[in-house]
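Written below as structure tokens is the structure these notes are about.
Read the figures in this text as sums done on the coordinates, not as results from a lab. Treat the numbers as computed from the prediction; the structure is a model and nothing was measured. Glycine also receives a Cβ, built like all others from the backbone with ideal geometry; neighbour counts cover every protein chain displayed.
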Amino acid sequence: MQGVLTRMARAQHTPLHELTPSQAREAYEKGADVLEVPKAQLVRVEDMRFTSRDGAEITLRLYAPSHEKLPVLLFFHGGGFVIGSIQTHDILCRELSRLSGAAVISVDYRLAPEHPFPAAQSDAWDALLWLREKAESLGLDVQRIAVGGDSAGGTLAAVCAHLARDAGLPLALQLLIYPGTKGYEMSPSRQQYATGYVLGEEHIRYFFDSTLRSEYDGDWRFSPLNAENFEGLAPLFLALAECDPLHDEGLEYADALRVAGVTVDLEIYRGVTHEFIKMGRILPEARQFHQDAAQALKQAFTH
């Protein structure tokens with residue numbers, strides 16, 4: 001991990017927060033696969049679209065290792081609600097599908113600042129409702145659906161878990177990878193890992209300032225820790241990186257769910273930073289995460 005950080009510093013790329021959103025997206029796309037594991041070949045990889053509540057066309061990509069009727073993980077990519085895409089998380093989604101034996105559907109939700117909060121949250125929930133409606137026709141098991149995502153995508157998955165509970169839509173699992181759960185509020189890990197650990201405080205503020213149109217009011221859909229009630233949520237598998245500004249708010253989220261009686265499986269990957277899950281070519285911790293997440297999905301889908 002230290003080697004990665006050293007090489008990143010030596011490369012002297014313009015920091016994302018100094019770029020326009022479109023430039024930041026392009027830079028992130030370019031580097032997305034550099035440290036990834038080899039791209040798994042799957043039996044089914046299909047792009048499809050649906051129309052969101054306000055008429056936006058949202059693209060999704062379905063991954064499946066067979067044509068059998070499979071359980072499915074609805075996945076939301078990270079990128080601070082500003083960058084990232086189906087493409088930047090393509091290899092990760094292939095790996096989760098390959099190792100778990102489940103289908104994965106990756107959602108290309110709309111990004112800020114062109115589509116500020118709560119557009120991504122609305123798209124995420126609309127995607128889950130769409131999946132529930134279309135699962136059978138896609139050859140998927142509507143009774144076994146999980147939600148998941150990394151970073152901002154983890155925030156979206158957490159929001160979907162709350163909305164699904166309130167709508168009486170059962171979920172098998174919420175698979176959250178270093179999710180943002182607290183908004184602007186600082187924590188010890190936000191201070192400790194503010195610079196030099198892939199995701200910096202300047203990045204976080206850039207993403208938040210790009211996403212929120214008006215004065216931040218603590219809306220729980222942006223900061224899931226502000227939700228009123230955590231009881232009855234789907235079981236949680238939570239993966240955190242030790243050297244990550246979002247580490248502490250992830251722990252707080254796990255505690256909030258535990259106190260509310262939700263089953264929580266927490267894994268902390270030592271010595272690694274934000275984004276480590278996409279560095280499987282050089283980090284054994286990334287490959288371990290892939291195995292752990294796949295196992296969590298397998299267990300959730302067999303219950």
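Within the same chain, aspartates and glutamates fewer than 8 places from K134 are excluded, and of the rest, those with a Cα less than 20 Å from its Cα are E46, D47, D54, E57, E68, D108, D123, D126. The simple Förster model, with R0 at 35 Å and r as the Cβ-Cβ distance, assigns L5 and S66 a FRET efficiency of 0.35.
Of L163, L238, the sequence from fewest to most neighbouring Cβ atoms within 10 angstrom is L163, L238. Exposure proxy for V198, V107: other Cβ atoms within 10 Å of each Cβ, ordered fewest to most, give V198, V107. Pull out a ≥ b ≥ c, the square roots of the eigenvalues of the alpha-carbon gyration tensor of region 195-303, then state rounded if a/c is under 1.5, prolate if not and a/b is larger than b/c, and oblate in the remaining case. Because a/c hits 1.5 or more and a/b fails to exceed b/c, region 195-303 counts as oblate. Placing R0 at 35 angstrom, the Cβ-Cβ distance between D217 and R270 gives a FRET efficiency of 0.45 after rounding to 0.05. Of all DSSP beta bridges confined to the chain, the antiparallel ones make up roughly 30%. Model label points for Q12 and E46, set 7 angstrom from Cα along the Cα-to-Cβ axis, are 5.0 nm apart.
Beyond 31 Å in Cα-Cα separation lie the following of the pairs K30/K182; K30/K69; K278/K298: K30/K69. Given a cut-off of under 8 Å on Cα pairs at least six residues apart, what relative contact order in percent is computed for region 2-302? This gives 18 percent for region 2-302.
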